[in-house]
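First the structure, then my questions, so here it is.
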Amino acid sequence: SQDGSRVLAGDHAGDCLRWPLIASDCFPHCMQVITRVSELRDSFLERFAAAGLDALLCPGLGLPAFPHGMSVLLNQACSYTFVWNLFNVPAGTLPVTFVRADEQFYDGGKLHDSLSRAAHVAMRGSQGLPIGIQIVTLPWKDEACLGAMQVVEDAVGRLDPMPGGRLDPTARLH
């Protein structure tokens, strides 16, 4: 850069990524982000409580488990979990079904981007991998989260993705 500082992630990354880090340049932006996250969290929590929900059932991941080494290409498939971590609310995951033989593909439609290509590769040979959901509850309601997970497990049966050390999509524990 022109001021002689070393740019860690490109000029477009902004002053917060320059070395040496100048806290006075970064602080106002960081505070804006923290404030906005707090506003979004408060709005979510108000809506959750106003709706009288005990728990929220959400997708787990956008794909089944990734082949080794592909997580760097497919981290966006975890986006369903990001907001709950950001909002610091209890969330638990559990398997509810398995990938069937006719589901071992990813069709990105007209998209031909790197994420779609990686998802297509990841889905090949995925038959039998567990597909999970997430249960989300209000802050400090971890027991309610576990209880809701138990309700789902009771409804679908407890899936055991690895009985006897082998993947068996027909196995259910009771």
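Over the alpha carbons of the range 17-135, what is the largest minus smallest coordinate on each principal axis, giving the biggest first in Å?
Reported extents, whole Å, longest axis first: 53, 46, 27.
Compute the signed sum of charges (Lys and Arg +1, Asp and Glu -1) over the other residues within less than 13 Å, Cβ to Cβ, of residue 116.
Values: positive: 110, 117; negative: 107, 113.
Summing Lys/Arg as +1 and Asp/Glu as -1 gives 0.
Let me ask another. Less than 20 Å from a label point 7 Å out along the Cα-to-Cβ axis of residue 50: which backbone N atoms in the range 57-87 qualify, by residue?
Residues 57, 87 fall inside that zone.
For residue 151 and residue 65 in one chain, what is 0.36 nm times their gap in residues minus the Cα-Cα distance, to one decimal in nm?
Numbers: separation 86, 0.36 × 86 = 30.96 nm, distance 2.39 nm.
Here the segment from residue 151 to residue 65 would lengthen by 28.6 nm.
Going by amide H atoms built from the backbone, whose H comes under 5 Å of the H on residue 131, apart from near neighbours?
Excluding prolines and chain starts, which carry no amide H, the hits are 96, 97, 98, 99.
Within the range 96-157, list the chymotrypsin sites (Phe, Trp or Tyr not before Pro) lying in a DSSP loop whose Cβ has at most 15 other Cβ atoms in a 10 Å radius. Before the final figure, lay out each step's value.
Numbers: sites: 98, 105, 106, 140; in loops: 105, 106, 140.
Counting only loop positions with at most 15 other Cβ atoms within 10 Å, the chymotrypsin sites (Phe, Trp or Tyr not before Pro) in the range 96-157 are 105, 140.
Right, here's the next one. Quick query: amide H of residue 159 versus all other amide H atoms, modeled in the peptide plane; which residues come in under 5 Å with a sequence gap of 5 or more or a different chain?
173
How much FRET efficiency would the formula 1/(1 + (r/R0)^6) give for residue 141 and residue 31, where r is the Cβ-Cβ distance and R0 is 41 Å, rounded to 0.05? Provide the component values of the computation, followed by the final result.
Details: r = 29 Å, r/R0 = 0.70.
Efficiency computed from Cβ-Cβ geometry: 0.90.
Values in this text are rule-based calculations from the coordinates and carry no lab data. Keep in mind it's a predicted model, so treat the numbers as computed, not measured. Note that we place each Cβ from the backbone using ideal geometry, even for glycine, and neighbour counts take in every protein chain shown.
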